[in-house]
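A.B. asks: There's a structure below that I have some questions on.
The values are calculated or read from the model by the stated rules, or taken from the named source; none is laboratory data. If you're wondering where the values come from, they're calculated on a predicted model, not measured in any experiment. No Cβ is skipped: glycine too gets one built from the backbone with ideal geometry, and neighbour counts run over all protein chains shown. Note: areas computed on protein heavy atoms with side chains; ligands, DNA, RNA excluded. Shrake-Rupley method; radii C 1.70, N 1.55, O 1.52, S 1.80 Å.
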Amino acid sequence: MEEAERYVRTWVASPRDKEIEDTISGVASGQFKLVHVVKALGEYLTSEEGDLRNKGVEFLALVVSKCPPQNFNLQSIKVLIAFFASKLEDTETIIPALKGLLAVVRIPVLIPENITDICTAIFENVKMQALVQVQRHTVFSIFDTLVASHRDVLKGMGDRFLSGYIALADGEKDPRNLMVAFAIARVLALEFDISTKFEDLFNITFCYFPISFRAPTNDPYGITAEDLKSALRSCLSASPLFGNLAIPLFLDKINAGSPATKRDTLQTLAHCLPVYGSNIAANSARKLWSSLKLEIFQPTDIETEGEALKTTQVLIKTIYADEVTDADLDGLAKDACAECIQILKEPEKSQAKPAIKVLCAFMSTTPSVSRYTLSHAVPHLTRLFVDPDELPNRGPVLSLLSSLITAARDSTVKADNAEEIFLLPFKDEVLGVLVTGLKAQSSLRPAIEGLNGMVTTPALLDDQEIGFVVQKVNDVVSSQQEDLLGTRDAALDLLKTISSKTPSHIAQMTLPLLFSALPDQAPGRDDAEGREKYRMGLSALSHLCAQPNLFETLVVRLSVRLGLIYAPATVPEDTEPSAAYAHALLSTLADVLARKVENGDVDVPKYVDRLVPRLFNLFVHGALGTTGNSGMADPRIIDVVARLLNLVTQSLSAQRQETFAEALFAAYLKGNVTPLAVGDLSLPEDACFMPFDPAAPGSQANLVSLFSECVIAFYPEVKIPMSDEGTLLVELLNWGIRHAKTSGQRECASHIVAAIVNKHSAGLDTFLKSTFTTFWDEEIANPPDRYARRRAISAWAWISRALLVRNHPEALPFVNRLFELFDDTEVGWDAARAIGQAGTVDKVLTKRNHAIIKVLHAQKYASSILPKIIQGMNDSTQQSRQTTYLVALAALIKVIPRAAYAHELPTLMPLLLRGLSLPDPALRAGVINTLLSAAQVDLEAGSRTAKEGSVVSEHAASLTNAMLQNSAVSEMPDMRVRIGALKYLAMLPKIVRYDVLHPQKAMVLRELTKALDDPKRAVRKEAVDARTSWFTYSG
C-alpha cells in the first residue's frame, strides 16, 4: 500500500512512465492490488482542484491500459466502469475517464452488463461538440472496439444503442474520426436491425457525400480523399434500406454537380445498386436512364462518359439479376436498346457513336440482355450495309458493327461460362458484310477491325472460315492501289493476330504471296517500282514472321535469295542495287530476330546451326573469291550480319557458346574456316582466310566485325579457346593500332579486347600490368606517330571502361594515367575525351551481352574523377592546360548521371559556360544537353521553387548570350548545337525570375528573329518556340 502511495505521489508531482511501469509491476507481482492503487489516489480523485482530479483519473487510466488482463476480475471491472463513468460528469476529468473506458473495453472478460453500463454512461454524459478531435477519436475508438468484440450485446440493446450512437456521431468533420465512424456505420447497417433507424443512420452518412476533402501538404496521417470516398461508399452500399433514400439524392448530384462530382456519384451509384436490389433499380430505372443517357450522349468529358457507361452496365445487371428468357425480357434494356437502334438508323450522325457504346455496354451485362441486343442490333446494321441507299454510309456502318463485334468478343472472353458465343447465330451474315467492306477504302479499316474481333472470339470461326479471311485480307496486303496502301499495316496486324493462333494459314497462303514479291536478282537503279515492291514485301514479312514455324520459313527463303544475289555465276556491273537488296533482306531477318530475342523465344538458339553457318559461308566465300561476291564486302551489309550473329550468340547457353567459340577462333585465328562456314557455296581450296594477318585484303579484314559481335556476347564462364588470353589481347591491340585499315576494324578490335578484359580480368593480371606500363610507354607516351597514339588512347579508354563497369580496382589507375597527357599538345584533347569515353554507356558492355556490370559504377567513377578535373582547372595557370581540363569536363559531364554532379552545379556552372565556347561542336552539344537536363529538373520541381532556388539565375545573362551565339548559323554550323541552344533559350524564362531576365528580353527577341531564317526547318521550329516563350514572358 505504501509503495502504491509513493508511486502515485511521485507521478502526480512529476509524471513519468517509470512510476506507471512500477505500479503495474507491483500489481502483477501481487505486491499490492488495484484497489490499493485506487485508495492511494483517493485524495487526488476527490480534490477540489480540477488539475489534481484530472491527474488522478489519468494515472488510473494509464495503469488500467497497461495492466495484463489477468489482473482484472469481474468485480474490479465493474468498479472501474462505475468509477470512470462517474468521472464523465466532471468536465475536468472527462478526458482521462474516456481513456480509462477505452482501456476497460479492451479487457476480454467483459460481461453484457458492463457493455450496457459503458454505453449508457457515454450516451448520457458525453457531448461530442464540446470535445476536440483527439477526444472524439477516443469515443469512436471505444465504440469501434465494442462493435468489433461485443456486437451481440450491442444488438441486444436495440434502438437504444442505435439512437445513442447516431446522436454521438452526428456532425463529425475530422477525416481521422470519419474513417472510424464510417467503419462503424457500415457494420451497423450490415448486421444490426436498423429497420426503425435506417433513415437516421443514412442521414448521418450521406451528409458527407460527395467528399470534397483535400489532404494538406505533408499530412502525417496519410488519409486521402480516396480513402474517405471508399469508406463512405462502403457505408452507403451497406443496406438495401438506403436505396429509396439515396437514389433521388444521387440523381440530384448527377444532374447538377461538377464533372468531378458527377464521376464520384456515378462510381458510388455503381457500387450501391447491386446492394439496393433489382426492385429498387427497376423502379428508378427510367429516371436513372434519363440522367445516365445525358452523360453518355452529351458528355462533359470522356472520363464522365466512361463512368456513365459503367453505371449503365451495373444498372442493367441489377435489374436483370434473375435471368429471364429472351421472350420475357422487358423494361429498361428493351426500351434503351430500341432507342439506340432508332438512333443508328442514321449511322453517319454524331449520336450514333454514343448509341453503339450503350449497346456495347449491354454486351457485358447478362446473357439474356446480350442476346437481345445482338439479335436486334446486328440485323439492323447488316441491313443498313446492304441497302443501296446507304452506300455512302458503309464505312460508318461497319465501324459501328466492328465495335459491337469487339464488345461481343470481350463479353465472351470475360464470361464465367464461355460456352455460349453470342455472335454465332449471325456469323455468316456478319462475315459476309465485313469481307465486302474490304473492297472499298472507306470501309476497309473498320472491316479489318471487325474481322479482328471475329478471329479473336474463341470458337467463333472454324478453320476453313479463318482461311477464307486470310485469303481476303491477302488481297489487301498485295494490292498496289494507292487508296488501300494506308490500311496495309492494319491488315498486317490482323494477319499477325491470326498467325499467333493458326500460323498454318499464313504459312500456306500469305507467305508465298509475299515471297513472290521478292525477285531473284536486285532491281536496277532505274527500277523504283521494283525496289518499292520488294521493300513492301519485306516489311510485311518482318511484321508476320515472329512465330517459330514462320520464322524458320523466312530464314530459309531469304537465305536462298541471298545465295541467288551473290551466286558466282552472276556478276552485275553495278553492285549497289544488289548490295541494297541484300541489306534489306538481312535487315528483315535482324529485325524479326531482335523481336524474338526480346520476347525470349526458345527457338532462337537453333539458328546457330541453321543460319549462322550459311551466313559465314556466304561472306567468307565473298571475302576469299576474286569474282562474283565482291558486294558482300560492303561494310553496311556486314554490319547487319554482325547484328544477326550477335543476337543468335546472346541467346545460346554457355555450353553451346563454348562449342561455337572453338569453331569461331579456329576460323579467324588459324584459318580453319570449313567447320564454321558450312553452306551451298564451295570455298576455294587454296584460299587462305586470315583476317588478322597484316597482309590480309580489306574484304577479309572487314569480316572481323562478325568475329567481334560473336565474342562480345559470350558468357563470362565461356573459356576463350587460346592457350594464352593475354597474348591474344596484345596481338589484337597491335593489329587494331598498326594494321587495321578502317576505323570500323579498329573499333572491332577494341570491342573484343574490352569484352574479354571485362569477363576474364581475374586471369589477366599479367596483361593488365604489361598494358599499364609497357603499352603505355611504347604506344601512347612516346611514339612519334600522332595518329597511332590517338588510336592507342581510344583502345586504352575501352580497357578502362571494361574494368570500370565491373568496379575493378585497376579501373581508376588506368583512367588517371590519361591526366598525364594533358600537357601534350598533340594528344591532350584526345586523352581528355577518353575520360568521357571511359564512362560512356555503350552497346558492347551490356547485360544482354552478358558483361559483368556492377551497380553505381558510374556514380563511383564520377565521384572520383569530377573533383580531380575541377581541382585541375582551378590549380592550372596555363590557358592550354585549363582548356584541356575543360574538354575533359565537357566529355565527362554528358555521360554521368545528373545525381552524380548535381551538388557541384554551383561550382560547375562557370566552367560549363566556358565549355560553350569550345571549338568541338560535339563537346558544346554535350554541355548544352547537360544544362538542359539540369533545367528540366528545376522545372519539374515546380515553377516557383525553380525560379527562387535555381543556380541558373546567378548566370542567367551569361547563359543567354552564350546560347544566342550558339544558335546563330553564322557562328555555329552544327545543327545539333543550334537546336540545343534554342531549346535552352526557350527553357530559361520558365526557370528564372522575370526581374533577372527582363533586361535581356528585347535583345533576345531581336536576335531570335535571325534564327527564324535558319536554313534548317528543325532549327526554325525551335526558334519559334523560343521566341514564343520569351514573347509571353512577363512579371
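A.B. asks: Only one of these is outside any loop (DSSP other than H, G, I, E, B), more than 51 Å from the chain's Cα centre (by Cα) and of a type outside the set (Ser, Thr, Tyr): GLU92, GLU113. Name it. Quick ask: steps written out before the conclusion?
C.D. replies: On the way: GLU92 fails: outside any loop (DSSP other than H, G, I, E, B).
Going through GLU92, GLU113 in turn, the sole match is GLU113.
A.B. asks: May I ask you to list pairs of residues, at least six apart or on different chains, whose Cβ atoms are under 7 Å apart, with the first in the stretch 857-880 being open to solvent by 60 Å² or more (accessible area, probe 1.4 Å) and the second being not in a helix (DSSP H, G or I)?
C.D. replies: GLN859/PRO897; LYS860/ASN807
A.B. asks: Would a scan of the stretch 255-264 turn up a residue that is within 24 Å of VAL187 (Cα to Cα), in a helix (DSSP H, G or I) and in contact with a Lys or Arg (Cβ under 9 Å, 6 or more places away or on another chain)? If you could, list the steps in order and put the result at the bottom.
C.D. replies: Narrowing the stretch 255-264 to residues within 24 Å of VAL187 (Cα to Cα): 264.
Right, trim to in a helix (DSSP H, G or I) and you get 264.
Imposing the further condition that a residue be in contact with a Lys or Arg (Cβ under 9 Å, 6 or more places away or on another chain) reduces the set to 264.
Looking through the stretch 255-264, at least one residue is within 24 Å of VAL187 (Cα to Cα), in a helix (DSSP H, G or I) and in contact with a Lys or Arg (Cβ under 9 Å, 6 or more places away or on another chain).
A.B. asks: Just checking, does the stretch 800-814 include any residue being more than 24 Å from ALA890 (Cα to Cα), surrounded by fewer than 19 Cβ atoms within 10 Å (Cβ to Cβ) and more than 30 Å from the chain's Cα centre (by Cα)?
C.D. replies: yes
A.B. asks: Any idea which of ILE853, ILE865 is of a type in the set (Val, Ile, Thr), over 30 Å from PRO973 (Cα atoms) and either part of a loop (DSSP other than H, G, I, E, B) or not assigned by TED's automatic domain parsing to the domain that holds ARG790 (or both)?
C.D. replies: Numbers: ILE865 fails: either part of a loop (DSSP other than H, G, I, E, B) or not assigned by TED's automatic domain parsing to the domain that holds ARG790 (or both).
Step by step, each of ILE853, ILE865 is checked, and only ILE853 is of a type in the set (Val, Ile, Thr), over 30 Å from PRO973 (Cα atoms) and either part of a loop (DSSP other than H, G, I, E, B) or not assigned by TED's automatic domain parsing to the domain that holds ARG790 (or both).
A.B. asks: So GLU685 passes all but one of these: (1) over 30 Å from ASP603 (Cα atoms); (2) at pLDDT 90 or above. Which condition number does it fail?
C.D. replies: (2)
A.B. asks: How many residues does the stretch 42-89 hold that are more than 59 Å from the chain's Cα centre (by Cα) and of a type in the set (Phe, Trp, Tyr)?
C.D. replies: 2
A.B. asks: Out of curiosity, is GLU532 part of a helix (DSSP H, G or I) and within 19 Å of SER478 (Cβ to Cβ)? Before the answer, list the steps.
C.D. replies: Working: part of a helix (DSSP H, G or I): yes; within 19 Å of SER478 (Cβ to Cβ): yes.
Criteria met by GLU532.
A.B. asks: Among the residues of the stretch 775-795 satisfying the criterion of being open to solvent by less than 20 Å² (accessible area, probe 1.4 Å) and farther than 14 Å from GLU747 by Cβ, which is farthest from the chain's Cα centre (by Cα)? Lay out the reasoning, then the answer.
C.D. replies: Going residue by residue through the stretch 775-795, those that are open to solvent by less than 20 Å² (accessible area, probe 1.4 Å) are 776, 780, 783, 788-789, 792-793, 795.
Filter again for farther than 14 Å from GLU747 by Cβ, leaving 776, 780, 783, 788-789.
Numbers: TRP776: 46, ILE780: 46, PRO783: 52, ALA788: 46, ARG789: 45 Å.
Only one residue fits best here, namely PRO783.
A.B. asks: Hey, another quick one. Does at least one position in the stretch 343-361 carry a residue that is under 32 Å from the mean Cα position of the chain (by Cα) and surrounded by fewer than 19 Cβ atoms within 10 Å (Cβ to Cβ)?
C.D. replies: Within the stretch 343-361, one or more residues are under 32 Å from the mean Cα position of the chain (by Cα) and surrounded by fewer than 19 Cβ atoms within 10 Å (Cβ to Cβ).
A.B. asks: Using beta carbons and a limit of 9 Å, which pairs, at least six apart or on different chains, have the first residue in the stretch 903-915 and closer than 13 Å to ALA890 by Cβ and in the same structural domain as ILE928 (by TED's automatic domain parsing) and the second one of a type in the set (Ser, Thr, Tyr) and open to solvent by 50 Å² or more (accessible area, probe 1.4 Å)?
C.D. replies: Going by the 9 Å Cβ cut-off, the qualifying pairs are LEU913/SER958.
For (1) farther than 25 Å from TRP11 by Cβ; (2) touching a helix residue (DSSP H, G or I) at 6+ places or on another chain (Cβ under 9 Å); (3) touching a residue at least 12 places away in the same chain (Cβ under 8 Å); (4) surrounded by fewer than 17 Cβ atoms within 10 Å (Cβ to Cβ), each residue gets a yes or a no:
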position	(1), (2), (3), (4)
CYS67	no, yes, yes, no
LYS99	no, yes, yes, no
VAL105	no, yes, yes, no
VAL109	yes, yes, yes, yes
ASN114	yes, yes, yes, no
PHE123	yes, yes, yes, yes
SER141	no, yes, yes, no
LEU146	yes, yes, yes, no
ARG151	yes, yes, yes, yes
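A.B. asks: Additional query: So which residues in the stretch 721-735 are outside any helix (DSSP H, G or I) and free of Cβ contacts under 8 Å to residues at least 12 places away in the same chain? Working first, answer last.
C.D. replies: Quick first cut of the stretch 721-735, residues outside any helix (DSSP H, G or I) only: 721-724.
Scanning the stretch 721-735 gives SER723, ASP724.
A.B. asks: Evaluate the stretch 989-1002: report whether one residue or more is assigned by TED's automatic domain parsing to the domain that holds ARG914, at pLDDT below 90, open to solvent by less than 20 Å² (accessible area, probe 1.4 Å) and not in a helix (DSSP H, G or I).
C.D. replies: Yes, because at least one residue in the stretch 989-1002 is assigned by TED's automatic domain parsing to the domain that holds ARG914, at pLDDT below 90, open to solvent by less than 20 Å² (accessible area, probe 1.4 Å) and not in a helix (DSSP H, G or I).
A.B. asks: Evaluate the following for VAL556: is it in a helix (DSSP H, G or I), open to solvent by less than 10 Å² (accessible area, probe 1.4 Å), at pLDDT 85 or above and of a type in the set (Val, Ile, Thr)?
C.D. replies: On the way: in a helix (DSSP H, G or I): yes; open to solvent by less than 10 Å² (accessible area, probe 1.4 Å): no; at pLDDT 85 or above: yes; of a type in the set (Val, Ile, Thr): yes.
It is false that VAL556 is in a helix (DSSP H, G or I), open to solvent by less than 10 Å² (accessible area, probe 1.4 Å), at pLDDT 85 or above and of a type in the set (Val, Ile, Thr).
A.B. asks: All but one of (1) open to solvent by less than 70 Å² (accessible area, probe 1.4 Å); (2) touching a residue at least 40 places away in the same chain (Cβ under 8 Å); (3) polar (S, T, N, Q) hold for SER258; which doesn't?
C.D. replies: So SER258 meets the others, but not (2).
A.B. asks: Follow-up. Quick check on this structure: which one of ARG636, ARG656 is out of contact with any Gly (no Cβ under 9 Å at 6 or more places or on another chain), over 19 Å from ALA582 (Cα atoms) and either open to solvent by 20 Å² or more (accessible area, probe 1.4 Å) or outside any helix (DSSP H, G or I) (or both)?
C.D. replies: Details: ARG636 fails: over 19 Å from ALA582 (Cα atoms).
Answer to the selection: ARG656.
A.B. asks: Output yes when any residue across the stretch 338-352 is basic (Lys, Arg) and either part of a helix (DSSP H, G or I) or closer than 21 Å to SER291 by Cα (or both), and no when none is. Spell out how you get there, then give the answer.
C.D. replies: So the first thing to find is which residues in the stretch 338-352 are basic (Lys, Arg), and the list is 345, 349.
Filter once more, so that each one left must be either part of a helix (DSSP H, G or I) or closer than 21 Å to SER291 by Cα (or both): none.
No, there is no match, as no residue in the stretch 338-352 is basic (Lys, Arg) and either part of a helix (DSSP H, G or I) or closer than 21 Å to SER291 by Cα (or both).
A.B. asks: Out of curiosity, is LEU398 open to solvent by less than 10 Å² (accessible area, probe 1.4 Å) and within 21 Å of LEU444 (Cβ to Cβ)?
C.D. replies: Details: open to solvent by less than 10 Å² (accessible area, probe 1.4 Å): yes; within 21 Å of LEU444 (Cβ to Cβ): yes.
So LEU398 fits the description; yes.
A.B. asks: Taking SER375 and the conditions (1) of a type outside the set (Val, Ile, Thr); (2) assigned by TED's automatic domain parsing to the domain that holds ASP264; (3) surrounded by 14 or more Cβ atoms within 10 Å (Cβ to Cβ), which numbered condition does it fall short on, given that it satisfies the others?
C.D. replies: (2)
A.B. asks: Given the conditions (1) at pLDDT below 90; (2) of a type outside the set (D, E, K, R); (3) touching a Lys or Arg at 6+ places or on another chain (Cβ under 8 Å); (4) closer than 25 Å to LEU918 by Cα, which single one is not true for ALA1026?
C.D. replies: (1)
A.B. asks: Among the numbered conditions (1) surrounded by fewer than 14 Cβ atoms within 10 Å (Cβ to Cβ); (2) more than 19 Å from ILE94 (Cβ to Cβ); (3) modelled with pLDDT under 90, tell me where GLU199 comes up short.
C.D. replies: Result: GLU199 fails condition (3) only.
A.B. asks: Please return the ranges of helices (runs of 4 or more DSSP H) entirely within the stretch 414-478 where 3 or more residues are within 19 Å of PHE385 (Cα to Cα) and open to solvent by 10 Å² or more (accessible area, probe 1.4 Å). Before the answer, list the steps.
C.D. replies: Numbers: elements: 427-437, 441-455, 463-478.
Helices (runs of 4 or more DSSP H) meeting the threshold: 427-437, 441-455.
A.B. asks: If the Cβ limit is 8 Å and pairs must be 6+ apart or interchain, which residue in the stretch 181-200 that is under 22 Å from MET128 (Cα atoms) and acidic (Asp, Glu) pairs with which residue that is open to solvent by less than 60 Å² (accessible area, probe 1.4 Å) and part of a helix (DSSP H, G or I)?
C.D. replies: The qualifying pairs are GLU199/LEU245; ASP200/LEU162; ASP200/SER163; ASP200/ILE166.
A.B. asks: Would you pick out the residues in the stretch 585-609 that are of a type in the set (S, T, N, Q) and open to solvent by 50 Å² or more (accessible area, probe 1.4 Å)?
C.D. replies: Scanning the stretch 585-609 gives a single hit, ASN599.
A.B. asks: Taking the condition of being of a type in the set (Ser, Thr, Tyr) and surrounded by fewer than 17 Cβ atoms within 10 Å (Cβ to Cβ), how many residues in the stretch 513-538 meet it? Explain how you work it out, then say what you get.
C.D. replies: Filtering the stretch 513-538 for residues of a type in the set (Ser, Thr, Tyr) gives 516, 534.
Those still in the list that are surrounded by fewer than 17 Cβ atoms within 10 Å (Cβ to Cβ) too: 516.
Within the stretch 513-538, residues that are of a type in the set (Ser, Thr, Tyr) and surrounded by fewer than 17 Cβ atoms within 10 Å (Cβ to Cβ) number 1.
A.B. asks: When you scan the stretch 736-814 for helices (runs of 4 or more DSSP H) that lie fully inside it, which ones turn up with 1 or more residues that are touching a His at 6+ places or on another chain (Cβ under 7 Å)?
C.D. replies: 786-804
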